[in-house]
Amino acid sequence: MGIKVVESNNNLIALCNISNATAYGIYLSSSSKNQIATCNLYKNGYGVYLVASSENEISSCNFINNTGPGVTMDSASRNNTVYYNNFILNGIGKEGIIQAYDAGERNLWYLPTRETLVTHSSYGEGNFWIDYRGDDANKDGVGDTPYNISGPSHGQDLYPLVDACKWDEWFSIRCGTRDDPWVRVPTPEFYLD
């Protein structure tokens, strides 16, 4: 297991590389109001797994080639928000690709906002899904049809991104390698004298 958070609230998990965890890259249980941001989760059993966890935010992460879904939410997970992530080849099995799984209630797979960051949409922005097959007729960077999330909640990313988010390039983040695993981020100008 990569990172396990149990009965803990208001934490920030950011700028991490988690790979080859046989169970979960990040596991949250009975935890609320946590942020998972700008992490790379690849080749794990599951990317992020939420159990009875609510009001968490998962954004700006890469979920790549995890055996199970990139993000999984159980039936007791509610009011979580997932946006600006890249979901690439997760949960590949006989049934097809299950990039994400949602059994919870009122979870949002997009950020509803008129102040968009990576597209020209005036409604909201979601996630990049490698298996999304919809069109972008008006070329605003957001697909014209929703991306369906697997699971009994029938969740949808109403504003799927048609291009992958490139957080590492946009913010000059160097995510490290096996030989040099440290994540390096430039110091913001407002911290400099």
Output the residues belonging to segment 48-78 that are part of a loop (DSSP other than H, G, I, E, B) and over 15 Å from the mean Cα position of the chain (by Cα).
52, 53, 67, 74, 75, 76, 77
Go through segment 70-80 and give me each residue that's among the small types (Gly, Ala, Ser) and surrounded by 24 or more Cβ atoms within 10 Å (Cβ to Cβ).
70, 77
Residue 137 being within 19 Å of residue 89 (Cα to Cα) and modelled with pLDDT of 85 or more:
no
Would you be able to tell me the number of residues in segment 153-182 that are modelled with pLDDT of 60 or more and open to solvent by 80 Å² or more (accessible area, probe 1.4 Å)?
4
Do you know which residues across segment 28-41 are open to solvent by less than 40 Å² (accessible area, probe 1.4 Å) and more than 13 Å from the chain's Cα centre (by Cα)?
28, 29, 31, 32, 34
Qualifying residues in segment 1-27 (those that are surrounded by fewer than 17 Cβ atoms within 10 Å (Cβ to Cβ) and touching a Gly at 6+ places or on another chain (Cβ under 6 Å)) - the one farthest from residue 51 (Cα to Cα):
22
Anything in segment 42-62 that is closer than 17 Å to residue 107 by Cα, open to solvent by 10 Å² or more (accessible area, probe 1.4 Å) and not polar (S, T, N, Q)? List them, or say none.
49, 51, 52, 55, 57
Report whether or not residue 65 is open to solvent by 40 Å² or more (accessible area, probe 1.4 Å), touching a residue at least 24 places away in the same chain (Cβ under 8 Å), of a type outside the set (Gly, Ala, Ser) and closer than 19 Å to residue 165 by Cα.
yes
Residues of segment 81-102 that turn out to be part of a loop (DSSP other than H, G, I, E, B), more than 11 Å from the chain's Cα centre (by Cα) and buried (at least 16 other Cβ atoms within 10 Å of the Cβ), as a count:
3
Any idea which of 67, 81 is touching a Lys or Arg at 6+ places or on another chain (Cβ under 9 Å) and modelled with pLDDT of 95 or more?
67
The condition from (1) touching a strand residue (DSSP E or B) at 6+ places or on another chain (Cβ under 7 Å); (2) modelled with pLDDT of 95 or more that residue 33 misses is numbered (1)
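The values are calculated or read from the model by the stated rules, or taken from the named source; none is laboratory data. The model shown is predicted, which means the values in this text are computed figures rather than measured ones. Neighbour counts run over all protein chains shown; Cβ positions are idealised from the backbone, glycine included. Side chains are part of the model used for accessible areas, which takes the heavy atoms of the whole protein and leaves out ligands, DNA and RNA. Shrake-Rupley method; radii C 1.70, N 1.55, O 1.52, S 1.80 Å.
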